[in-house]
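Undergrad: Structure incoming, see below.
The values are calculated or read from the model by the stated rules, or taken from the named source; none is laboratory data. Everything numeric here is computed off the predicted structure, so don't read it as measured data. Here the Cβ positions follow ideal geometry from the backbone for every residue, glycine too, while neighbour counts run over all protein chains shown.
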Amino acid sequence: MNYILQDIPERTQKPRQSGFTMAMDKGLSCREVEDFLSTSADHTDIVKLGWGTSFVTPKLKEKLKIYKDAGMPTYFGGTLFEAFVIRNQFDDYRKILDKYEMPFAEVSDGSIELDHDLKCEYIRKLSDQVTVLSEVGSKDVEKIIPPYKWINLMQAELDAGAWKVIGEAREGGNVGLFRSTGEVRSGLVEEILTKIPFEKIIWEAPIKAQQVWFIKLLGTNVNLGNIAPNEVIPLETIRIGLRGDTFMDFLPEDKKQ
């Protein structure tokens with residue numbers, strides 16, 4: 001940090017299991033990646049190339065090399081996995097992961113109907129090749145999954161070999177964990193947490209109010225994802241009480257007014 005400030009909550013250090021920040025690259029240029037990393041690499045744990053953007057991104061290899069040279073892990077969005085699977089090209093997907101030297105892969109079924117046993121089999125197969133993140137939740141705003149099913153799905157995917165499970169919210173933060181207004185389904189989140197360890201979950205929370213809600217519930221070192229690159233530093237200030245939203249949350253009682 002740039003100077004000493006007392007009573008700042010302790011952040012876990014990279015590589016970390018909790019306090020994880022996943023940023024979403026929706027098509028940054030190579031120069032934009034360099035700028036992003038110059039300011040935010042210390043506060044970012046992994047970068048997702050959103051949905052199928054890697055298919056149309058110019059200079060993809062060059063961009064991935066910039067991330068790799070900076071020690072920043074990357075992975076392709078789960079929608080790309082689904083795009084290969086629905087076309088019966090799973091083996092081609094595995095070759096793509098090797099071609100681009102991807103250390104991670106995301107297995108999801110937010111856009112397609114996929115038998116859950118088969119989804120878990122994909123997780124098991126990919127776990128022999130890469131570190132797997134699996135996503136639970138639908139991108140269909142009309143599809144409401146009850147809490148007990150979220151828990152069962154998450155646990156089965158962790159048992160199949162997923163390193164962490166991701167709670168779906170999409171880029172807009174208006175499905176899955178959230179109502180169409182962006183409001184958190186608080187009962188759902190709290191019920192999930194009765195069975196699934198918090199450090200095993202990455203909560204997609206692209207909107208500031210959602211980030212604040214999770215930090216107030218689970219503290220500085222909650223795992224958050226789908227963070228816009230220009231929001232990584234603002235998120236870090238929320239995590240440590242240097243933005244008005246959480247300013248009082250981490251101060252000792254004698255300093256609160």
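Undergrad: Looking only at the range 58-82, which residues are of a type in the set (Gly, Ala, Ser) and in a loop (DSSP other than H, G, I, E, B)?
TA: Residues satisfying the conditions are Ala70, Gly71, Gly77.
Undergrad: Does the range 145-152 contain at least one residue that is crowded, with 17+ Cβ neighbours inside 10 Å and charged (D, E, K, R)?
TA: Scanning the range 145-152, I find no residue that is crowded, with 17+ Cβ neighbours inside 10 Å and charged (D, E, K, R), so the answer is no.
Undergrad: Would you pick out the residues in the range 111-137 that are part of a loop (DSSP other than H, G, I, E, B) and surrounded by 20 or more Cβ atoms within 10 Å (Cβ to Cβ)?
TA: Matches in the range 111-137: Gly137 only.
Undergrad: Could you tell me whether Phe178 is at pLDDT 95 or above and of a type in the set (Phe, Trp, Tyr)?
TA: Judged against the criteria, Phe178 is not a match.
Undergrad: Keeping to the range 34-47, report how many residues are out of contact with any Asp or Glu (no Cβ under 7 Å at 6 or more places or on another chain) and either surrounded by 18 or more Cβ atoms within 10 Å (Cβ to Cβ) or charged (D, E, K, R) (or both).
TA: Counting residues in the range 34-47 that are out of contact with any Asp or Glu (no Cβ under 7 Å at 6 or more places or on another chain) and either surrounded by 18 or more Cβ atoms within 10 Å (Cβ to Cβ) or charged (D, E, K, R) (or both) gives 9.
Undergrad: Within the range 61-80, does at least one residue satisfy the condition of being modelled with pLDDT of 95 or more, closer than 22 Å to Val222 by Cα and among the charged types (D, E, K, R)?
TA: No; the residues of the range 61-80 include none that is modelled with pLDDT of 95 or more, closer than 22 Å to Val222 by Cα and among the charged types (D, E, K, R).
Undergrad: Taking the range 128-150 on its own, how many of its residues are more than 18 Å from the chain's Cα centre (by Cα) and at pLDDT 95 or above?
TA: The number of residues fulfilling the criteria is 2.
Undergrad: Please go through the range 204-213 and give me each residue that is modelled with pLDDT of 95 or more and either touching a strand residue (DSSP E or B) at 6+ places or on another chain (Cβ under 7 Å) or on the phi > 0 side of the Ramachandran plot (or both), ordered by number.
TA: If the condition is that a residue be modelled with pLDDT of 95 or more and either touching a strand residue (DSSP E or B) at 6+ places or on another chain (Cβ under 7 Å) or on the phi > 0 side of the Ramachandran plot (or both), then Gln211, Trp213 are the ones that fit.
Residues are listed down the side, and each one gets a yes or a no for (1) among the aliphatic types (A, V, I, L, M); (2) buried (at least 18 other Cβ atoms within 10 Å of the Cβ):
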| residue | (1), (2) |
| --- | --- |
| Asp7 | no, no |
| Glu32 | no, no |
| Leu49 | yes, yes |
| Phe55 | no, no |
| Leu60 | yes, no |
| Gly71 | no, no |
| Asp91 | no, no |
| Glu106 | no, yes |
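Undergrad: Same structure again: In the range 87-108, how many are under 17 Å from Gly50 (Cβ atoms), without any contact (Cβ under 8 Å) to a residue 40 or more places away in the chain and in a loop (DSSP other than H, G, I, E, B)?
TA: Total satisfying the criteria: 1.
Undergrad: Could you say whether any residue in the range 178-187 is of a type in the set (Lys, Arg), crowded, with 17+ Cβ neighbours inside 10 Å and within 26 Å of Leu126 (Cβ to Cβ)?
TA: No, the range 178-187 contains no residue that is of a type in the set (Lys, Arg), crowded, with 17+ Cβ neighbours inside 10 Å and within 26 Å of Leu126 (Cβ to Cβ).
Undergrad: Assuming Leu28 fulfils every condition listed in (1) free of Cβ contacts under 8 Å to residues at least 60 places away in the same chain; (2) aliphatic (A, V, I, L, M); (3) within 25 Å of Ala169 (Cα to Cα); (4) out of contact with any Gly (no Cβ under 7 Å at 6 or more places or on another chain) apart from one, which condition is it?
TA: (1)
Undergrad: Something else about it: Taking the range 1-57, which residues are within 18 Å of the chain's Cα centre (by Cα), part of a helix (DSSP H, G or I) and among the polar types (S, T, N, Q)?
TA: Ser40, Thr53, Ser54
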